[in-house]
Amino acid sequence: MTSARTNSSPGPLPGGGGAGALTAVRDAARVCRHVQMSLDQVRAMTKDDRSPVTIADYASQAVVARALAGDAATVGQVLVAEESAESLRAPEHATHLAATVAALRESGVWEDATPDDAIGAISAVGDPLAFDDDRPWWTFDPIDGTKGFLRGQQYAVALACIRRGRVVLGIMACPNLSIDHDASVEQADPRGTMYLGAEGEGVVEWVLGRPDGRRVRPRSSPREGAAVLAESVDSGHSDHSLSARIMSSAVGGEEGGGEHRVVRLDSQAKYAVVARGQADAYLRLPAKRGYVERIWDHAAGSIIAREAGCVVTDMHGRELDFGRGRGLEANAGVVVAPPGLHAKIIAAIGGMYAAGTP
Ligand code: AMP
Ligand code: MG
């Protein structure tokens with residue numbers, strides 16, 4: 001479809017970060033996959049239905065935090081992530097801690113990890129508002145798309161480097177996404193795909209765990225057939241009926257009624273699916289008034305789409321501002337699409353607002 005094999009390896013990481021960051025995300029994905037393959041065992045051990053997410057979250061964050069702190073290129077750069085170690089330290093969560101350490105060891109990613117190691121690594125998180133403007137810092141989502149993870153469907157492990165409010169590097173593992181752009185995203189792939197996007201350098205994708213990459217070509221012309229909209233599975237995360245109306249107006253012109261298909265998947269894998277041309281647009285429209293998007297849900301994905309030639313803004317056409325703390329405080333929702341369609345979607349939204357509340 002939109003890519004050609006170049007057999008080039010991802011190479012050094014521009015914009016901050018050594019190859020350690022790449023290995024870290026790959027390893028974090030390995031731990032997540034290990035936990036996903038033993039969902040029932042983990043649940044039985046902790047007597048808690050959501051515990052596989054908790055454990056994989058902690059283990060994934062521990063792996064990446066440890067790697068960034070141990071790499072000469074990134075040591076001292078602050079990590080902003082969702083999990084804190086406080087709850088894992090509490091005596092009532094002893095089984096979660098034991099399962100987290102077991103996942104780190106049994107996956108082979110951190111074979112001599114101890115409970116103190118895991119807690120120590122997870123504790124290393126900072127507050128972006130306290131950072132020096134010029135220093136790059138990192139944001140990480142250890143498991144984005146937790147519901148997809150529990151269903152055995154799409155989820156992502158997403159790390160990004162931010163400088164002066166702008167994402168300069170994104171590394172995203174999608175452990176259940178096929179590298180075959182024609183394969184259904186609803187079907188979990190046993191190999192998975194990994195993405196690296198760096199400012200001004202484009203995007204490379206490769207099979208998770210294999211070093212040979214291929215460049216994702218920027219999208220130029222629209223595909224044939226009905227436009228494809230990618231959106232959240234969870235209608236509490238994005239307003240499905242509003243996105244249908246917006247797409248129909250954007251694709252169909254003034255009379256609306258343009259045809260489109262919808263593909264629903266969890267996590268910021270949606271950005272990759274648009275970047276590689278499998279979908280034409282990703283819309284995320286606030287289902288709850290005033291919801292502020294978290295930076296780690298968008299940082300890595302947004303640069304991957306941007307570097308593949310897509311435009312990434314909020315629903316009012318404003319650039320995403322990653323310099324406001326842990327939330328995208330200056331934005332509302334997200335619109336991702338190649339330039340022509342993006343402009344039509346923003347115009348359709350503007351038209352709806354001009355005519356009253358959409
Ligand atoms: P997705 O898989 O695209 O549906 O998004 C998953 C992400 O949605 C999670 O990582 C949450 O941080 C985020 N989230 C939680 N509540 C909301 C909400 N009300 N609106 C939008 N996103 C949300
Ligand atoms: Mg998330």
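The values are calculated or read from the model by the stated rules, or taken from the named source; none is laboratory data. None of the values given here were measured: they were computed from a predicted structure. Because the Cβ atoms are built from the backbone with ideal geometry, glycine has one as well, and the counts that use them run over all protein chains shown.
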Go through segment 254-284 and give me each residue that's assigned to a loop (DSSP other than H, G, I, E, B), more than 9 Å from ligand 1 (Cβ to nearest atom) and under 19 Å from residue 314 (Cα atoms).
279, 280
Against the condition of a type in the set (Gly, Ala, Ser), within 16 Å of ligand 1 (Cβ to nearest atom) and not in a loop (DSSP other than H, G, I, E, B), how does residue 188 come out, does it pass?
no
Scanning segment 290-334 for residues that are of a type in the set (Phe, Trp, Tyr), within 19 Å of residue 232 (Cα to Cα) and in a loop (DSSP other than H, G, I, E, B) gives 291
Taking into account only those residues within segment 118-146 that are in contact with a Phe, Trp or Tyr (Cβ under 9 Å, 6 or more places away or on another chain) and of a type in the set (Ser, Thr, Tyr), which is surrounded by the most Cβ atoms within 10 Å (Cβ to Cβ)?
139
Residue, surrounded by the fewest Cβ atoms within 10 Å (Cβ to Cβ), within segment 310-336, restricted to residues that are modelled with pLDDT of 95 or more and on the phi > 0 side of the Ramachandran plot:
317
Condition (residue is aromatic (Phe, Trp, Tyr), out of contact with any helix residue (DSSP H, G or I) (no Cβ under 8 Å at 6 or more places or on another chain) and more than 16 Å from ligand 2 (Cβ to nearest atom)) applied to segment 126-145: is it met by at least one residue?
yes
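Is there a residue being touching a helix residue (DSSP H, G or I) at 6+ places or on another chain (Cβ under 8 Å) and part of a loop (DSSP other than H, G, I, E, B) anywhere in segment 85-105? Walk me through how you get there before you give the answer.
Residues of segment 85-105 touching a helix residue (DSSP H, G or I) at 6+ places or on another chain (Cβ under 8 Å): 85, 87-89, 93, 95-101, 103-104.
Filter once more, keeping what is part of a loop (DSSP other than H, G, I, E, B): 85.
Scanning segment 85-105 turns up at least one residue that is touching a helix residue (DSSP H, G or I) at 6+ places or on another chain (Cβ under 8 Å) and part of a loop (DSSP other than H, G, I, E, B).
In segment 165-203, which residue that is of a type in the set (S, T, N, Q) and surrounded by fewer than 17 Cβ atoms within 10 Å (Cβ to Cβ) is farthest from residue 24 (Cα to Cα)? Spell out how you get there, then give the answer.
Taking segment 165-203 first, the residues of a type in the set (S, T, N, Q) are 176, 178, 184, 187, 193.
Going one step further and asking which of them are surrounded by fewer than 17 Cβ atoms within 10 Å (Cβ to Cβ), we end up with 184, 187.
Working: 184: 28, 187: 26 Å.
Step by step, filter segment 165-203, then rank; the result is 184.
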